């Protein structure tokens, strides 16, 4: 099988091209996605390739975009909506929570809707272009939440998200768009929603994480291995809802767990993972589960402030060394 | 008439303590929904709100179906998962409302876009009140439909009160139809209590936008004749205002017009009224005896099976 290197952005792009090509019921819309190709150039050329009735721009109206997408999803289409930034989902949360998330429960009518939401910081986006809102999304019944870290997973999971009969929020880490590359096969491997993946094996401690922090965790684990010889497992959650609880509980068998995310701390995914392990894998633990997260403050703009806000390789390394000594 | 009979029966059941939760009715506001159903085709889509029982009835929901929903029976359209007027039937083209006003208007707009894309000459009817016309979603949906030329009739029922808040705290324009030019669409005013005149207007608009797709706004003048729900004594409504609309009850207005031009006789009217009452009463009795949902089904259907 021939292999080639693609970026995270190319992974998502190729997955989108695949579903648009193979599923005529898919439509893609959002702000600036058609002729302009999207704020991050994710959909450049899609208008020419798939036509104006399948790829189109909308007014700046997130609630109308998502509401219309819900209506389309009930009438045989599989809409893919691009929110220009995940931050802007907050102007349409009621469509997700109350319409998309409840319709199947209330009426048995499926809502096959995918909401793509570029998120995360590390590039000077400031408070309103860097937010990580996954905890809010995961709190909603009836919604699935996906957050890939690698180009191959991004390519496979966007396909799984679009073909799933439920509303799926597909979080794309903007920092990873052009920073992460991977050799992939030509064919898109199927990756089901709800499955975590061990992307670095280890027996001495575990980092449970997702998104850009997966890469930070892998680098920190390499540093720890080099300095101490300890081998740290890195579990990439990939899907945040449904959460792969079996994989998390199995990964806790190292006895030392650090949960890492660049989203806020209080009621974040870290709290959920730590509670799960405390409830069901307490007997495996040699040390309390640790959380390393962004603090509970808005995402700051200045590079000095954002560096202090966002977990990075030195802080993850330090947390792991501390955990290993506990 | 069926809508009125069902709602009056529900109000009685509520006051007998037999309805779980609140009781909300559209008594006095039956005309716009009834006219919209008669103006539409089987493949059209509707997004009714709490005052639009007549849309459910007009799209074929019978008394058993409606009482099951209100009495939260296992066989209700939402299997007991939602209550009162929060239901729909997409096989009949009716979206189930949520409580967040305005939120259904983009949904019905998107539904019409999808059906038309599949070659179905569908149009939509989206209902909102004077209060709901203040929401961001109302604006987003009408503007969205205007930009894409989606054929939806947005019907604003100005029923004078949003719960207890009068229209003076909802809008400053003289008439809500005046908003239409701001969206680049046509606005029409209509008497919300004259079903036959409304049917003429909506049938004409429906034919027109089906042939030349675009949204239109219709602001109808009507009045809510009871409190927001039956728990609300409606003491804030000026008596003279209420009486002026009571004198123009939409069912009486329609009956008088039909009798006057000979399309209906007194005997036919009374026979119709009696048969509806019998059917509604029987349905209410039968449904009350049906089983409640099984708590073991609580988690069923949160997700569609992948």
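FYI, it's all coordinate maths here, none of it is from the lab. For clarity, every value in this text was computed on a predicted model and none was experimentally measured. FYI the Cβ positions are ideal-geometry reconstructions off the backbone, even for glycines, and counts take in every protein chain you see.
Assorted remarks:
- Taken over segment B:39-149, the ratio of Cα radius of gyration to 2.2 N^0.38 Å equals 1.08.
- The protein assembly as shown: translational diffusion in µm²/s, Stokes-Einstein, Kirkwood Rh over Cα pairs, 4 °C, 1.567 mPa s: 49 µm²/s
- Euclidean distance between Cα centres, segment B:225-269 to segment A:64-133, Å: 43 Å
- For segment B:49-203, the relative contact order is 15 percent, taking Cα pairs closer than 8 Å that sit 6 or more residues apart in sequence and dividing their mean separation by the residue count.
- Per-selection Kirkwood Rh - segment A:197-325 (Cα, Å, 1 d.p.): 14.5 Å
- Converting the Cα gyration tensor eigenvalues of segment B:2-288 into ellipsoid dimensions via √(5λ) gives semi-axes, longest first, of 28, 22, 21 Å.
- The angle between the Cα long axis of helix A:313-325 and the main principal axis of chain A comes to about 40°, on a 0 to 90 degree scale.
- Springs between Cα atoms under 10 Å define the GNM used for chain B, and in it the highest mean-square fluctuation of B:127, B:161, B:171 occurs at B:171.
- Rounded Å value of the spacing that divides the Cα centres of segment A:257-323 and segment A:189-214: 15 Å
- Candidates B:13, B:66, B:45, ranked by Gaussian network fluctuation over chain B, Cα under 10 Å, top entry: B:13
- Chain A: relative contact order in percent, alpha carbon pairs under 8 Å with at least 6 residues between: 17 percent
- Rg then Dmax, both in Å and based on the Cα atoms of segment A:131-233: 15.2, 47.
- Coordinate range along principal axes, alpha carbons of segment B:155-243, Å, largest first: 46, 28, 22
- Kirkwood Rh, angstrom, segment A:40-94 [1 / mean 1/r, Cα pairs]: 12.3 Å
- Convex hull volume of chain A per residue (C-alpha atoms, cubic angstrom): 131 Å³
- Sorted fewest first by neighbouring Cβ atoms within 10 angstrom, B:81, B:277 come out as B:277, B:81.
- Just checking the listed ones, B:96, B:166, B:181: in the Gaussian network model of chain B with Cα springs under 10 Å, the one fluctuating most is B:181.
- Cα convex hull volume per residue for segment B:166-306 (Å³): 267 Å³
- An ellipsoid equivalent to segment A:3-185, defined through the eigenvalues of its Cα gyration tensor, has semi-axes of 23, 19, 16 Å when rounded to whole angstrom and sorted largest first.
- Taking the DSSP bridge list for chain A and keeping only pairs wholly inside it, about 25 percent are antiparallel.
- Cα-based Rg of segment B:66-218 normalised by 2.2 N^0.38 Å, two decimals: 1.09
- Of all DSSP beta bridges in segment B:2-288, antiparallel share, percent nearest 5: 10 percent
- Rounded Å value of the spacing that divides the Cα centres of segment B:128-194 and segment B:24-62: 18 Å
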